Amino acid sequence: MADIINAEGGKVERAMVVLDKPIKTLGLHNVKVRLHAEVAVSVTLNIAAARTRPSAKPAARNVIDAQFEEDRQAAEEAAHDMKEGGAGSHEGDYVES
């Protein structure tokens, strides 16, 4: 975060950034920057998935939960395919001896 502020012309060291908890979701997050022992400001970070400027504020999204949901959907689809005839199974492939 200090790098971003410095790139925009500010002068902030990493030690000045106070993170109360790790940022694990997309969306808007308030972060405190302690400029002096008696001076602190709150900066709003917009954590986005892509490097484009969003036209509206994005809804917060937990990327870990999203991955678990994608994995769950893939497992459901695989189970459905198995019920419908199994992987690689086609009618007439079975030859009785």
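The values are calculated or read from the model by the stated rules, or taken from the named source; none is laboratory data. Note that the coordinates shown come from a computational prediction; the quantities given were computed from them, not determined experimentally. Using ideal geometry, Cβ is built from the backbone for each residue, glycine included, and neighbour counts are taken over all protein chains shown.
Of the residues 95, 31, which is at pLDDT 85 or above and outside any helix (DSSP H, G or I)?
Details: 95 fails: at pLDDT 85 or above.
When all the criteria are applied, what remains is 31.
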Given the residues 47, 64, which is the only one that is at pLDDT 80 or above and aliphatic (A, V, I, L, M)?
47
Return the residues of region 1-28 that are surrounded by 11 or more Cβ atoms within 10 Å (Cβ to Cβ), of a type in the set (A, V, I, L, M) and not in a strand (DSSP E or B); say none if nothing qualifies.
1, 2, 4, 5, 12, 16, 23
Residue 78 vs (1) modelled with pLDDT of 75 or more; (2) of a type in the set (Gly, Ala, Ser); (3) at positive phi: all pass except (3)
